Amino acid sequence: MKTRLKALRKELHLTQKEFAERLKISRNNIAGYESGSREPSDAVISLICSVFNVNEDWLRYGKGAMFVPLTRYAAIEKLTADMSEAPNSFKTRFIEAMCKLDEKEWKQIEKIAKKLVKEPLSYEGGFTYPNVAENSDKDSY
């Protein structure tokens, strides 16, 4: 389990201190789990799985995917939780801006999103952007 705990922490791009803070336990406990000198209790394993959306079978036994797939509503819930922890983040500012859009602007965003799915951004000597403005009002941008 020690290697999976460390792999999880690295996948989340967290230091031992940050990982411990999110779980509200000491960094020394995390260091002990990762070194193998300590075994996490069932309660700690459940906490890790809950906080980081980790597949318990993966964490305990190495079976399955690292993370449990999120439903659409769980993903939205996670995003709002992230936003409440970082009220000045880009995510928060972006969602706040999206909340101010009118119906016409939402239709433009939908066109852009559909175009991006069909033609993802690429980089070959410079960024190329899909032509999202075709068949749209020129004053929309």
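Here, each number is a calculation from the coordinates, and none is a lab measurement. Because the structure is a prediction, the values reported are computed rather than measured. Glycine also receives a Cβ, built like all others from the backbone with ideal geometry; neighbour counts cover every protein chain displayed.
Between residue 112 and residue 67, what length comes free when the chain is fully extended (0.36 nm per residue of separation minus the Cα-Cα distance, one decimal in nm)?
On the way: separation 45, 0.36 × 45 = 16.20 nm, distance 2.96 nm.
Gain in length upon complete extension: 13.2 nm.
Hey, with R₀ at 35 Å, roughly what FRET efficiency would residue 31 and residue 76 work out to, going by the Cβ-Cβ distance, to 0.05? Efficiency at R0 = 35 Å is approximately 0.55. Only lysines eight or more places from residue 91 in sequence, or on another chain, were considered; those with a Cα closer than 16 Å are 78, 100.
Given 25 °C and 0.890 mPa s, how large is the Stokes-Einstein diffusion coefficient of region 1-121 in µm²/s, with Rh as the Kirkwood radius over Cα pairs? Diffusion coefficient, whole number: 145 µm²/s.
Please give the FRET efficiency for residue 53 paired with residue 103, using the beta carbon to beta carbon distance and R0 = 41 Å, rounded to the nearest 0.05.
Calculated transfer efficiency: 0.75.
Close amide-amide hydrogen proximity is noted between residue 67 and 55, each under 5 Å apart and 5 or more residues distant or on a separate chain (H modeled in the peptide plane; Pro and chain starts excluded). The Cα trace of region 2-61 gives Rg and Dmax of 10.1, 25 Å, the first to one decimal, the second as a whole number.
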